[in-house]
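Below you'll find the structure, written out as structure tokens, and then a few comments.
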Amino acid sequence: MKYSYFPGCSQEGSALDYGKSTGAVCAALGITLRDIPTWSCCGSTPAHAVDEELSAALCARNLDIAAKDGADMVVTPCPSCLSNLRAALYRMRDDHFRERVNELLDEPASEKLPDATSVMQLIGRLHDAEDIGKRVVKPLKGIKIAPYYGCLMSRPAKIMEFGDPENPVLMETILAACGAEIIDFPLKTVCCGAASGIPERSLTALNSGRILALATDMGADVIAVACPLCQMNLDLRQKQAAKAMNRLFDMPVMYFTQLMGLAMNIAPENLGIEQLCVSPRAVLAKFAANNGGGK
Amino acid sequence: MNEIHLNRARDPAFIKETEERSGQDIGTCYQCGNCTAGCPAAFVYDRQVNQIMRGVQLGLKDQVLSSVSLWYCLSCSMCTLRCPNNIDVAGVMETLRHMAREQGYITAPKMEKFWMSFLDTVRAFGRTYEVGTMALYMMRSLRLGTDLDLAPAALKLRKLPFIPHAATAATGRIIERYMKRAEKEGKRK
């Protein structure tokens, strides 16, 4: 099977660290990620909020280039990109919809477009827990992780096909294989407030605040995420959330790939750890102490 | 409380259009309230999701399409997941937002201004450009201080590049074609 990589725009800005750690972990697992040539924005929330045909056209351009490049599958780390790519594929099964989308493109999209999946699912598909466990050099022993998927990875269920839409478990499987202690986190697919941080801050502050509060109260050392927007809302906007909840937080929010990378003994600088807003020093200290004191 | 004359306010064409465009049988909603109970944006809504669904059943076009809730919906689909009658409630909310926008019911303009600022950068560069989106949004909304509290941290972490990545002109052409078609079809661009 041939995979094409769709990084998503956030990897060139707010989620540089996600890009770095995804690249490093995939390379260590022997997964080659080749960018879709001249890939462009999927349209994110704004495009589908305005019109689903516009959103589908912005996605179809990328899917079409991947198809012509011989890809069977497009892989992206970002749940929002994934949701748009998969929604486009789902809706374009309808001939009338496809025709309307084709009208917006330079040339009609290829008849057969590649399917789209997440980096997390690709890792899970190619490497089971036992296999990941074998690659762990420095287990995340004693580190309590609250797994947080956000809302888009598993929903809408009929489009995303990501296991149980309210209780997915893939991230837990992967991080448990890395030796971590997983918290059964009830808010793991409840929305963080998504893209409304700029126009309506209360939506991100209160929703992210609830997630941070519960993770803190349940004794988590770190929240593990898979979505650049969730990461930004929980990490960069943590002070705004604290204000909304009228309490203080000191909760590191790391990409699951950064945590995997640490366990696989990839150097922190290759995982973008220094680009986290809330310092994970307590997590790193525990990690070092449980792995013989040294780095 | 508003007074509504159900015999005069009912717009059957609105019910039909909402059902057809969303592909959902909204008549099956029996007001259990599960959608509202799980909605993370409920606290900023003027009408709750179950009230919107009831409004569609009653054909109250004006009340439904002028609701700010349509603009604040986060599309997280919790309502869809928890609907006992398998109505894609989030899909209905999205359809209603599209209809509201097309017909000029812009009751939360800051949301639309943000989305259009974002799409403008995608149109110009092919990829999102965060600094550009913020600048355009501040100009459009005249909210000049939006999120400035985050700038120092974002800059320090090198997460806010000032130079846009000019990837392709193809998205610009897609958005142009979309705008032209919307105009021809009498919709809001």
Residue satisfying all of: in the stretch A:54-79; farther than 20 Å from B:Thr121 by Cβ, assigned to a helix (DSSP H, G or I) and not hydrophobic (A, V, I, L, M, F, W, C); farthest from the other protein chains (Cβ to nearest Cβ) among these: A:Lys68
The stretch B:131-156, subset part of a helix (DSSP H, G or I) and of a type in the set (Lys, Arg), residue farthest from B:Lys113 (Cα to Cα): B:Lys156
Residue in the stretch A:142-155 that is among the charged types (D, E, K, R) and surrounded by 21 or more Cβ atoms within 10 Å (Cβ to Cβ) present: yes
Residues of the stretch B:62-89 satisfying the condition of being among the aliphatic types (A, V, I, L, M), farther than 18 Å from B:Val44 by Cβ and not in a helix (DSSP H, G or I): B:Ile87
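To keep it simple, each residue is scored yes or no on (1) touching a His at 6+ places or on another chain (Cβ under 8 Å); (2) at negative phi; (3) of a type in the set (Ser, Thr, Tyr); (4) free of Cβ contacts under 8 Å to residues at least 12 places away in the same chain.
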| position | (1), (2), (3), (4) |
| --- | --- |
| A:Ala226 | no, yes, no, no |
| A:Asn233 | no, yes, no, no |
| A:Ala241 | no, yes, no, no |
| A:Met254 | no, yes, no, no |
| A:Gln258 | no, yes, no, no |
| A:Gly261 | no, yes, no, no |
| A:Asn265 | no, no, no, no |
| A:Glu269 | no, yes, no, yes |
| A:Ile273 | no, yes, no, no |
Count of residues meeting criterion [at the interface with chain A (Cβ under 10 Å from one of its Cβ atoms) and part of a helix (DSSP H, G or I)] in the stretch B:92-119: 17
Unique residue being crowded, with 17+ Cβ neighbours inside 10 Å, without any contact (Cβ under 8 Å) to a residue 60 or more places away in the chain and farther than 30 Å from A:Glu269 by Cα when the list is B:Arg127, B:Arg123: B:Arg123
Scope the stretch A:7-45; condition in contact with an Asp or Glu (Cβ under 9 Å, 6 or more places away or on another chain) and at the interface with another protein chain (Cβ under 7 Å from one of its Cβ atoms); matching residues: A:Cys9, A:Gly13, A:Ser14
Check on A:Ile159, under 30 Å from A:Met232 (Cα atoms), touching a residue at least 40 places away in the same chain (Cβ under 8 Å) and crowded, with 24+ Cβ neighbours inside 10 Å: no
Failed item in (1) in a loop (DSSP other than H, G, I, E, B); (2) touching an Asp or Glu at 6+ places or on another chain (Cβ under 8 Å), with B:Ile163 passing the rest: (2)
Number of the exception - A:Glu166 against (1) under 19 Å from B:Val89 (Cβ atoms); (2) crowded, with 22+ Cβ neighbours inside 10 Å: (2)
Whichever residue in the stretch A:190-205 is among the aliphatic types (A, V, I, L, M) and in contact with a Ser or Thr (Cβ under 9 Å, 6 or more places away or on another chain) and, among such residues, is modelled with the highest pLDDT: A:Leu203
Matching residues in the stretch B:47-75 - criterion: being within 14 Å of chain A (Cβ to nearest Cβ), in contact (Cβ under 8 Å) with a residue 24 or more places away in the chain, buried (at least 20 other Cβ atoms within 10 Å of the Cβ) and under 12 Å from the mean Cα position of the chain (by Cα): B:Ser69, B:Leu70, B:Trp71, B:Tyr72, B:Cys73, B:Leu74
Hits in the stretch A:206-229 - residues which are crowded, with 23+ Cβ neighbours inside 10 Å and either over 21 Å from A:Leu259 (Cβ atoms) or among the basic types (Lys, Arg) (or both): A:Asn207, A:Gly209
Residue that is nearest to the other protein chains (Cβ to nearest Cβ), among those in the stretch A:101-156 that are in a loop (DSSP other than H, G, I, E, B) and touching a Phe, Trp or Tyr at 6+ places or on another chain (Cβ under 6 Å): A:Leu104
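The values are calculated or read from the model by the stated rules, or taken from the named source; none is laboratory data. Model, not experiment: these values are computed from the prediction. Note that we place each Cβ from the backbone using ideal geometry, even for glycine, and neighbour counts take in every protein chain shown.
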